[in-house]
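Visitor: If you scroll down you'll find the structure; I have some questions about it.
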Amino acid sequence: MISFVATLNVKPEQAAAFETAMQTVVPKVRQEPGNHAYIFHRSATTANTYYFYEQYTDEDALKAHRAHLGSLGINLAEMLAAAPEIEHWELIL
């Protein structure tokens, strides 16, 4: 199982568009084969900071997810103020 948290810092002028886009993207990602969790959060303390908790069966499922995101036509690069920060986790139970 692959688990990680992705922290995304969104440009202030893109925050509304980002949230709107994620309302479409999140349900689609949750239906991907091999996806076990795709949970979207907005920071309650840091403006324009978002967190995704993600779980995938294996590396192939993660690669398929990345390809799927690309096919949805969302240009995250133009919305982000910096590269995403990824912290990997090991599932214990």
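The values are calculated or read from the model by the stated rules, or taken from the named source; none is laboratory data. Small disclaimer: the values here were computed from a predicted structure and weren't measured. Every residue, glycine among them, receives a Cβ derived from its backbone with ideal geometry; neighbour counts consider all protein chains shown.
Visitor: Would you check if there is a residue in region 72-92 being surrounded by 12 or more Cβ atoms within 10 Å (Cβ to Cβ), modelled with pLDDT under 95, assigned to a helix (DSSP H, G or I) and out of contact with any strand residue (DSSP E or B) (no Cβ under 9 Å at 6 or more places or on another chain)?
Guide: No, every residue in region 72-92 fails to be surrounded by 12 or more Cβ atoms within 10 Å (Cβ to Cβ), modelled with pLDDT under 95, assigned to a helix (DSSP H, G or I) and out of contact with any strand residue (DSSP E or B) (no Cβ under 9 Å at 6 or more places or on another chain).
Visitor: Moving on. What is the number of the single condition among (1) within 24 Å of Glu90 (Cβ to Cβ); (2) free of Cβ contacts under 8 Å to residues at least 24 places away in the same chain that Gln55 does not meet?
Guide: Among (1) within 24 Å of Glu90 (Cβ to Cβ); (2) free of Cβ contacts under 8 Å to residues at least 24 places away in the same chain, Gln55 violates only (2).
Every residue, every condition in (1) surrounded by 12 or more Cβ atoms within 10 Å (Cβ to Cβ); (2) at pLDDT 95 or above; (3) among the hydroxyl-bearing types (Ser, Thr, Tyr); (4) part of a helix (DSSP H, G or I), yes or no:
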residue	(1), (2), (3), (4)
Val26	yes, yes, no, yes
Glu32	yes, yes, no, no
Tyr51	yes, yes, yes, no
Ala61	yes, yes, no, yes
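Visitor: Continuing with the same structure: I'm trying to understand the selection: among the residues of region 37-49, which are assigned to a strand (DSSP E or B) and more than 13 Å from the chain's Cα centre (by Cα)? Spell out how you get there, then give the answer.
Guide: Within region 37-49, the first condition is being assigned to a strand (DSSP E or B), and the residues that meet it are 37-42, 49.
Residues satisfying the conditions do not exist here.
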